[in-house]
Amino acid sequence: RILILDFGSQYTQLIARKVRESHVYCEIHPFNMPLGEIKKFCPKGIIFSGGPASVYQEGAPLVDPGVYELGVPILGICYGMQMMGYQLGGEVSEAEEREYGPAYIEVDEPGALLEGIESEKSSEGIRVWMSHGDRILKLPPGFRVLAHSQNSPFAAMADLDRNYFGVQFHPEVAHTPCGRIVLDNFLFRICKCEPSWTMQSFAEMVIKGIRDQVGDDRVICALSGGVDSSVVAVLLHRAIGRQLYCIFVNNGLLRKGEAEEVRRVFADHFDINLVYVDASEEFLSRLKGVTDPEQKRKIIGNLFIEIFEREARKITGVKYLAQGTLYPDVIESVSFKGPSATIKTHHNVGGLPDRMSLQLIEPLRELFKDEVRSLGRQLGLPERIIMRHPFPGPGLAIRIIGEVTAEKLSILREADAIVMEEMEASGWYDKVWQAFAVLLPVRSVGVMGDERTYEQVIALRVVESVDAMTADWARLPYDLLARLSNRIINEVKGVNRVVFDISSKPPSTIEWE
Ligand code: XMP
């Protein structure tokens, strides 16, 4: 396995993605990981990520120099290369010309790392992506130049005896077409890794790990029907069968047919111990009269925990809580505003387990979202669940602007079901990040037959996104929009107008509340 030490680059996760795509297991850890732990990790190779700092700055992040004594191959990328140069006795300084964006390199000597990248050469040279203000001025003793660009005399360097490599460019980004070859050379030629990390081997390893850890004890998990909790449930069930109890709280704020589907898939098909709690009435009565969005979220979140705890206490002998925390949530992100690294914690990680004095099992901690999906496929989850759009915990309550009532829920649920049906039928469901209906607290005048109507408005929200941090409204074809509008107005009683939300995020958010 490969250890990636993070110096705060925005691309660090991409390095991990690329390494795993080559079927080599890797983990990201902060740059100041203690030497003892690095040794314990037993890496076959270490990659230093890039980062925003300058090595000659006060408080610049530096790796424990002990890593250079481990005899493990190292690849330094951008800042990682400069730091290696600096720590091993070279010189680094501010470059006269900042290099940002595409650049072209010439290979001086492939030195294993750059073997084969000539195949990507055009008349201008080999295209790479640069993003740096500093550069190596003088190579450290024992190093030689492998490649140069117009602005970087040392675009790649190596100490071939010790297997230390540095690249000034970013092999992990798509804008460096030869990057895959460079990283694979490092993994396979230099570190001698085996491309043996597959979802199947991962699943087997995790299942065995869970069995060993849990023994005869019982585990609970909250099942929402979303991708992550579904994969956790099926994975744990594979490992410990009926020792797993999944608690599914129907808060009455779910999409049409969702509760039934969860029961069908998990209880009937997978034969999982499913504790199904219909708490619709309880949620609705607590939400009575509440219109403030934050207030709604708090009420729903707190009541969920209350009910979950209540149900969990009915099950005896429970020692563990399983959660679908993903890798991007647990990576300790490194920032350099001050000398100490700040650590990002995720909302999923706090609260429940401490209050209930349960130990956490987080089998997806190492995975990215698309890896979770491929694990789900491996475990036989239906494609409908695997490809499901994200759905917020507070559910339809934050898609009903204003007070939530049973009547409004039923209107929104019907309209939303039509959106789902048409998105799927047109093939657009898998092309967008999310698609849903929002019920507005507005009435408008319409005409149906010879009658004047005065009814409610449905807004359609369909967005494209890669991580929900930014999003843009999806350019749905007019005929699909027309079908959605016609069907909703004709089939959903109480709605006489449909509008399409054409706001991007930022400044708008994806949800309306
Ligand atoms: P916004 O509206 O902030 O949403 O642009 C970003 C993404 O997060 C989802 N979302 C939630 N998910 N609990 C969740 O589990 C919540 O309270 C919540 N609020 C928003 C939203 O659907 C979108 O994918």
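Summary of values
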{"quantity": "DSSP-defined beta bridges in the chain - what % are antiparallel, rounded to 5", "calculated": "50 percent"}
{"quantity": "Between 0 and 90°, nearest 10: helix 199-214 axis offset from the chain longest Cα axis", "calculated": "70 degrees"}
{"quantity": "Listed residues Phe368, Asn32, Ala147: farthest to the positive end of the dipole of the chain (Cβ charges)", "calculated": "Phe368"}
{"quantity": "Net charge of Cβ neighbours under 9 Å - reference Lys319; Lys, Arg +1; Asp, Glu -1", "calculated": "0"}
{"quantity": "Rounded Å value of the spacing that divides the Cα centres of region 180-234 and region 440-495", "calculated": "42 Å"}
{"quantity": "Footprinting exposure proxy for Ser22, Ser285 (fewest neighbouring C-beta atoms within 10 Å first)", "calculated": "Ser285, Ser22"}
{"quantity": "Packing-based exposure ordering (other Cβ within 10 Å, fewest first) of Val498, Val457, Val232", "calculated": "Val457, Val498, Val232"}
{"quantity": "Fewest-first sequence of Leu3, Leu70, Leu236 by Cβ atoms within 10 Å of each Cβ", "calculated": "Leu70, Leu3, Leu236"}
{"quantity": "Inter-site label distance for Asn486 and Phe41 at 7 Å from Cα along Cβ, in nm", "calculated": "5.8 nm"}
{"quantity": "On Cα atoms only, tilt of 227-240 relative to the major axis of the chain in degrees", "calculated": "80 degrees"}
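Read the figures in this text as sums done on the coordinates, not as results from a lab. Small disclaimer: the values here were computed from a predicted structure and weren't measured. Counting neighbours? That spans all protein chains shown, and the Cβs are built from the backbone with ideal geometry, glycine included.
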